[in-house]
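In what follows, a structure is listed as structure tokens, so that the remarks can point back to it.
Since every read-out is calculated from the coordinates, none of them should be taken as a lab result. Values in this document were obtained by computation on a predicted structure and should not be read as measured data. All Cβ positions, glycine included, derive from the backbone under ideal geometry; neighbour counts span all protein chains shown.
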Ligand SMILES: [Fe+2]
Ligand SMILES: [Fe+2]
């Protein structure tokens with residue numbers, strides 16, 4: 001497998017940055033840039049290709065500013081399966097729709113890259129290392145509240161070299177669940193599945 005497997009030659013970081021910029025607000029673009037920065041940092045320590053990690057970050061929120069109705073329509077168009085919660089809360093589909101658009105418009109077919117983009121909001125149980133990297137980078141972007149990012153960083157960083165990805169995903173999931181409960185919003189079953197899966201992974205890693 002070549003390093004660029006499933007990514008056409010014309011697709012460079014500069015290319016996707018220029019492709020994404022007109023699709024999102026300046027604020028969102030700043031967030032995306034911040035996610036790319038953290039994705040590089042995590043990828044270096046998580047056995048992940050840095051180019052792929054950065055590419056997934058630049059593409060992950062490309063469809064975030066589409067209206068909820070448009071996202072549901074796009075999901076139907078691309079034959080993306082979704083449930084009742086996504087039908088009512090179309091914004092949850094911005095990742096899967098962005099992955100489908102990246103495939104159709106940019107010719108990207110790399111499975112891990114498309115999965116990372118599709119899964120970045122809800123996660124998955126399990127996720128591939130690239131998907132885990134993007135999931136956490138999106139949580140840890142520097143524009144987010146420190147009360148949210150600090151506990152995730154604390155769980156992630158073992159020392160300067162080593163990171164604990166399952167622990168960070170559990171903490172991010174817990175914080176996400178608390179936020180959903182406190183704001184009276186529905187909980188997607190996947191969030192619970194991700195939390196339970198990575199809690200078990202963490203337990204197995206700690207107590208072999
Ligand atoms: Fe997103
Ligand atoms: Fe994001």
Max mean-square fluctuation residue, GNM over the chain, Cα-Cα springs under 10 Å, options 154, 36, 102: 154
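How would you rank 76, 207, going from fewest to most other Cβ atoms within 10 Å of each one's own Cβ? Intermediate values should be presented prior to the final figure.
Values: 76 12, 207 6.
Fewest-to-most ranking of 76, 207: 207, 76.
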Residue with peak Gaussian network fluctuation, the chain [Cα springs, cutoff 10 Å], from 137, 155, 118: 155
Additional length obtainable on full extension of the chain from residue 50 to residue 204, 0.36 nm per residue less Cα span: 52.7 nm
Label zone at residue 142, where the point sits 7 Å out along the Cα-to-Cβ direction: region 31-53 residues whose backbone N lies under 18 Å: 31-44
Distance in nm between pseudo-label sites at residue 15 and residue 67 (7 Å out along the Cβ direction from Cα): 3.3 nm
Residue exposure sequence - 134, 175, 140 - by fewest surrounding Cβ within 10 Å: 175, 140, 134
Sorted largest first, extent of the chain alpha carbons per principal axis (Å): 45, 40, 31
For region 31-89, the Rg and Dmax computed from alpha carbons only, in angstrom: 14.8, 39
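Could you list 61, 14 so that the one with the fewest beta carbons within 10 Å of its beta carbon is first and the one with the most is last?
The order, fewest Cβ neighbours first, is 14, 61.
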Cα centroid of region 130-185 to Cα centroid of region 65-89, whole Å: 26 Å
Pairwise label distance in nanometres, residue 23 with residue 89, each label 7 Å out on the Cα-Cβ vector: 2.3 nm
Protection-proxy order for peptides 21-31, 123-133, each taking the mean of Cβ atoms within 10 Å per residue, highest first: 123-133, 21-31
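Would you mind calculating the relative contact order of the chain from Cα pairs under 8 angstrom and at least 6 residues apart, reporting the percent as a whole number? Write out the running numbers ahead of the final one.
Working: 281 pairs, mean separation 41.0, N = 208.
Once normalised by length, the contact order is 20 percent.
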Distance (nanometres) between label positions extended 7 Å along Cα→Cβ at residue 128 and residue 82: 2.3 nm
Gap separating the Cα centres of region 90-127 and region 1-48, nearest whole Å: 13 Å
